[in-house]
Structure formats: structure tokens, C-alpha cells
Amino acid sequence: MHCFKSSLGAQTALLIVAGLALSPACGTEGPGFPIVIKFSHVVAPDTPKGKGAEYFRKLVQERTQGRVKVEVYPNSQLYKDKEELEALQLGSVQMLAPSVSKFGPMGVKAFEVFDLPYLFDGYAAAHKITHGPIGASMLKQLRAHGMTGLAFWDNGFKEFTANKPLHRPEDFKGLKFRVKSSKVLEAQMRALGAIPQVMAFSEVYQALQTGVVDGAETSPTNIYTQKWHEVQKFMSMSHHGYDAYAIVVNSRFWDSLPADLRATLEQSLNDATRYVESMSARDEVDAISAIRDSGKCQVVELTAEDRLSLRRALQPVHQQMAERVGRDLLESIYSATRSDQKQSDATPPLPVAVR
Ligand code: LMR
């Protein structure tokens with residue numbers, strides 16, 4: 001088994017201990033096979049990310065004939081949001097797929113550009129960035145932080161949940177909303193008159209249940225698989241933001257792999273990316289139906305006027321946050337997707353389920 005020692009010293013000693021405890025053979029077998037890739041993530045197995053990770057695991061097992069073993073740890077089983085990024089840098093896990101909103105606290109602010117409300121009109125526009133040179137140059141920025149960005153995966157488009165129906169900006173006023181660790185998302189909630197509260201994903205269900213926060217936002221697949229719909233009475237079909245994941249590996253681990261294996265892993269990841277993209281939109285629709293059918297959470301469909309009022313209230317966040325995410329990056333995304341978000345009054349897209 002390959003082992004990678006921390007270069008970050010005692011900073012997060014606990015994480016190293018945790019990582020080593022999960023690798024009992026580490027250091028005793030010497031370099032050899034199988035090479036183990038611990039792939040940690042925070043969502044349920046039955047989500048686009050969970051299924052993509054499992055698909056990748058299977059492809060790697062087959063294509064490397066067992067020389068590389070991917071171990072998938074879902075549902076924050078090993079680490080929560082912030083801890084998993086530290087664990088990756090330390091080499092306690094080798095692979096993650098965090099939401100891009102979670103890189104900001106590490107100093108990689110550009111990734112928060114995807115959090116800008118209504119940045120993309122749909123998957124096709126988002127993929128122009130995530131599959132193109134802009135996405136590639138964003139991923140390169142991660143090298144300075146000890147990680148190598150390999151791909152973007154779709155989570156889906158986000159909807160808001162709360163215990164009241166949210167149609168227009170005034171409905172958000174004074175409510176506390178859980179957000180990911182992104183300054184853009186904090187600004188988004190403030191623009192609606194709400195109070196943002198940063199919180200790890202694994203803590204949201206309980207925070208909603210106990211009223212620590214009043215509402216939240218994520219993809220329908222996450223809402224359903226985390227059972228937020230059992231503790232939130234309404235899900236408003238705002239479809240207000242694209243949620244992407246960046247697939248990242250520990251750079252020292254990645255660079256040390258034999259070139260042929262690295263190529264096989266890259267190809268397997270490309271195939272897993274296509275697989276995730278082939279199902280995320282469909283899974284989104286299925287999750288919306290399942291939430292509706294549960295009878296526990298009402299799916300609130302917004303009128304064109306409602307959506308326009310939300311869009312108008314949220315549009316200023318683009319300019320407010322342009323310096324933080326990088327004005328040039330934002331302009332390049334506008335021109336690559338040919339949308340003029342600064343002036344646009346076009347109504348935002350709706351998921352297929354409510355069209
Ligand atoms: C969240 O924290 O809301 C999501 O990023 C969780 C995930 O990984 O989908």
C-alpha cells in the first residue's frame with residue numbers, strides 16, 4: 001500500500017492519526033499493490049456524487065485488475081466538509097468531491113463564482129465552463145494548495161426549503177438560512193433579507209429539525225436523501241444556482257503514481273463524469289417527485305413574476321462579489337455562456353419536472 005506522510009506538521013495531528021488508523025497496513029507492506037484511494041464525501045450513496053464515486057470505484061477495479069482499490073466513504077462517515085479538505089492535504093484521504101463553494105476558506109475564492117445566483121441558464125451553459133479552458137484553469141489553481149483538480153461533476157440546480165412557502169424576496173426576510181462556507185452564498189442570502197449561517201452539510205438536518213436555522217438550499221437529490229423534506233414544510237422551485245463538485249486528489253499521491261495507472265484513473269474519471277452528467281438531471285426530477293409524493297413537504301411552483309422578482313433581487317450580488325471571485329473570470333464566464341447576467345431580466349430556467 002502506498003503511504004503519504006504529512007508535510008503540514010502537527011497542525012492537524014488528529015486527522016493524521018485518524019487517517020493512519022484507517023490504514024492499518026500503511027508502512028508495513030512497503031510500496032506495492034493494491035494502491036488504495038480513499039474517496040471521502042459528505043452525501044448519500046444514492047445521489048449523483050454517490051453513484052459517480054461508486055461507478056468510478058468499479059471502473060478502476062476492473063481496468064487496473066485490482067492494482068488500484070478505491071474505497072468510497074459516503075455521508076461524512078470519515079470527515080465533515082472542512083475536515084475532509086484538511087485530510088486530503090495531509091494525505092489521510094486521497095480523493096474528494098467537495099462542492100466548489102467549500103474552497104473559499106482555503107483562499108481559493110475563484111470557485112465561489114459558481115455560487116453567483118442565476119449564473120447559468122442550465123447544464124449546457126455550466127458545462128461550457130466546466131468542460132472548457134476556464135474550468136481547466138480554475139482547477140489548476142488548486143495545485144498551490146497541495147491538491148490536483150481533475151474534473152467537475154454536477155450536483156444539480158439548487159432549490160430553497162423552509163417552513164413557509166418562499167415565492168418572492170419579501171418571504172425570506174429575517175429567516176436564518178444554512179449556507180455552505182462561501183461569501184457569495186452569504187451575500188446571496190443577505191440580498192434576500194435573510195440571515196446566512198455557515199454550517200457543515202452533516203449538521204443541517206438537525207439544525208432544521210430543532211429550528212437552529214429556518215431554511216436551507218441544495219439540490220433536490222440532497223434534500224431527499226438527507227430527509228430535509230421531513231423537517232421542512234416547503235421546497236420552492238427557485239432553481240437559482242448551479243451546484244458543482246470539483247474532483248480533487250492529493251497532489252503528492254497523484255504525482256507518485258505510475259504513469260500508466262494515472263492514465264487509467266483519468267480515463268475512468270472521465271467516464272464517471274459522463275455517467276454523472278447522464279443521470280443528474282433525471283435524478284433531480286425523480287427526487288422532486290419523491291419529495292412531492294412523500295406528502296411531507298409541499299413543492300412550491302413559482303410563477304414567472306415570482307422568479308423574476310427573485311432574479312432581480314439577486315442580480316446585484318454579481319457585481320458585489322465580482323472583486324472577490326475575480327472580475328475577469330466573471331466576464332469570461334459571461335462571454336463564454338453568452339448570457340448578459342448584468343442586465344438580463346429573462347426568467348430563470350425551471351427543472352423539467354415543473355415545466
Ligand atoms: C452542501 O453542503 O450543501 C453540499 O455541498 C453537499 C454536497 O456535497 O452535495
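Computed from the coordinates by the stated procedures, all read-outs in this text should not be read as laboratory data. This one's a predicted model, so the numbers in the text were calculated from it and none came from an experiment. Backbone-built Cβ (ideal geometry, glycine too); neighbour counts: all protein chains shown.
For the stretch 224-318, the alpha carbon convex hull comes to 159 Å³ per residue, rounded to a whole number. For residue 82, a cut-off of 16 angstrom between C-alpha atoms picks up these lysines, skipping any fewer than 8 places away in its own chain: 102, 109, 180, 183.
Working from label points 7 Å from Cα in the Cα-to-Cβ sense, the residue 163 to residue 261 distance is 5.2 nm.
A straight chain from residue 141 to residue 69 at 0.36 nm per residue would run longer than the Cα-Cα distance by 23.2 nm. Projecting label points 7 angstrom from Cα along Cα→Cβ for residue 338 and residue 230 puts them 4.6 nm apart.
Mean sequence separation of contacting Cα pairs (under 8 Å, at least six apart), scaled by the length of the stretch 41-114, corresponds to a relative contact order of 28 percent.
Between residue 206 and residue 327, full extension at 0.36 nm per residue minus the direct alpha carbon distance yields a gain of 39.8 nm. Mean sequence separation of contacting Cα pairs (under 8 Å, at least six apart), scaled by the length of the stretch 173-289, corresponds to a relative contact order of 23 percent.
Sequence-distant contacts, meaning Cα pairs under 8 Å at least 6 residues apart, place the relative contact order of the chain at 22 percent.
Compute the long axis of helix 48-63 from its Cα atoms, compare it with the longest principal axis of the Cα atoms of the chain, and write down the angle in degrees, 0 to 90, nearest 10. With rounding to tens, the tilt is 20 degrees. Between residue 128 and residue 286, the simple label model (points 7 Å from Cα in the Cβ direction) yields a spacing of 3.0 nm. Here the extension length gained between residue 195 and residue 303 equals 36.4 nm, from 0.36 nm per residue of separation less the Cα-Cα distance. Taking 45 Å as R0, compute the FRET efficiency from the Cβ-Cβ separation of residue 278 and residue 170 and round it to 0.05. Approximately 0.70, to the nearest 0.05.
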